[in-house]
Amino acid sequence: MIIHRLGSISSTNDLLREMADNGAPEWTAVMAENQTAGRGRMGRKWHSPPGNLYLSVLLRPGMESGELSRMSLLMSLAVYHAISQKGVTLRLKWPNDILWKGRKLAGILLEGKTMGAEVIHVIAGIGINLTMPRETLPGDLASHATSLEEAGIVWSREELLTRLETAMRRYSPSIRGMDWERAMREWSLHADWTRDYVFMDGSRRVLGRPVELNREGHLILETDMGRIPVRSGDLVEI
Ligand code: BTN
């Protein structure tokens, strides 16, 4: 992985997208000290002060756009393994959050460029909270976010980078030749299947409990209207 280390930039995903469009090779990465316009999923902001990990990695996985949901689960497994430390229980929340005690430790923003059914590239934007002094957090982040420091995980940023690369390389070729069933079983093992959520997608809101993943990596929710597959969107705790 060739990592371009930068100070303050708007968003590592945005800079890497420009580099990708200019022909940057797979495994080009951009890391920033802080981001002035860090982006999260669903058009949200990603609070990005100095002190945390902001990394984007360029992948050219040679897959079809219908498989992007799978990529999302694979990348969250990779980040899960990179962060994991003995004695600390982490959980995956669909599609790709990593939680400790129900609070978010890391998030992933996957942005794919497609041409027809073909995926030209995928940018995996990874935000890992290393330290998050509660008093500095805006709005309701204080009750939703946590950090490696708080969870007692002691990887340095350099250790994390090495672990991330190893884990991403382990899971990304899988998209081509991999035992997908096995990866989904692994993902399911680390997820929390005991909570109800409100599923939100635009104006649609449905109350349900996640019960399993289907073959495509979509989440199956048990609701009053029966089981429904969820392809994209957000799960909000109730
Ligand atoms: C989410 O959970 O909403 C995804 C958060 C992803 C944040 C990372 S930080 C590095 C990269 N650059 C961005 O602007 N976003 C991602």
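The values are calculated or read from the model by the stated rules, or taken from the named source; none is laboratory data. A quick note: this is a predicted structure, and the numbers were derived from the prediction, not measured. Backbone-built Cβ (ideal geometry, glycine too); neighbour counts: all protein chains shown. Side chains included, ligands, DNA and RNA excluded: accessible areas come from the protein's heavy atoms. Shrake-Rupley method; radii C 1.70, N 1.55, O 1.52, S 1.80 Å.
Observations
- Normalised by the number of residues in the chain, the average gap of Cα pairs under 8 Å and 6 or more apart makes the relative contact order 17 percent.
- With contacts taken as Cα pairs under 8 Å at a separation of at least 6 residues, the stretch 1-133 carries a relative contact order of 25 percent.
- Residue (of Pro229, Gly208, Val198) at the positive-pole extreme of the stretch 197-237, dipole from beta-carbon charges: Pro229
- The relative contact order of the stretch 60-188 comes to 32 percent, based on Cα pairs under 8 Å that sit 6 or more residues apart.
- Seen through its C-alpha gyration tensor, with square-root eigenvalues sorted a ≥ b ≥ c, the stretch 12-104 comes out oblate because a/c lies at 1.5 or above while a/b is not bigger than b/c.
- Kyte-Doolittle at least -1.0, axis length at least 20 Å by Cα - qualifying DSSP helices, the chain: 68-83
- Here the chain is treated as a sphere whose radius is the Kirkwood value from Cα pairs; by Stokes-Einstein at 37 °C and 0.692 mPa s it diffuses with a coefficient of 181 µm²/s.
- Value of Rg/Rh across the stretch 38-84 [Cα atoms, Kirkwood radius]: 1.01
- Span from the the stretch 161-224 Cα centroid across to the the stretch 103-142 one, whole angstrom: 16 Å
- The lysines within cross-link reach of Lys93, meaning a Cα-to-Cα straight distance under 23 Å and a gap of 8 or more places when in the same chain, are Lys45, Lys101, Lys104.
- For the peptides 32-43, 77-88, the ranking by mean Cβ contacts within 10 Å, running from highest to lowest, is 77-88, 32-43.
- Accessible surface of the chain, 1.4 Å probe: 51 percent of it comes from carbon and sulfur atoms.
- Global geometry of the stretch 1-57, whether rounded, prolate or oblate, following the gyration tensor of its Cα atoms and the 1.5 cut on a/c: oblate
- Here the stretch 197-237 is treated as a Stokes sphere of Kirkwood radius computed over C-alpha pairs; at 10 °C and 1.306 mPa s its diffusion coefficient rounds to 158 µm²/s.
- Counting only Cβ charges, +1 for Lys and Arg and -1 for Asp and Glu, the dipole size of the chain around its Cα centre is about 220 debye.
- Close amide H partners of Trp46, meaning residues 5 or more places away or on another chain with modelled amide H under 5 Å apart, are Gly38, Arg39, Gly40.
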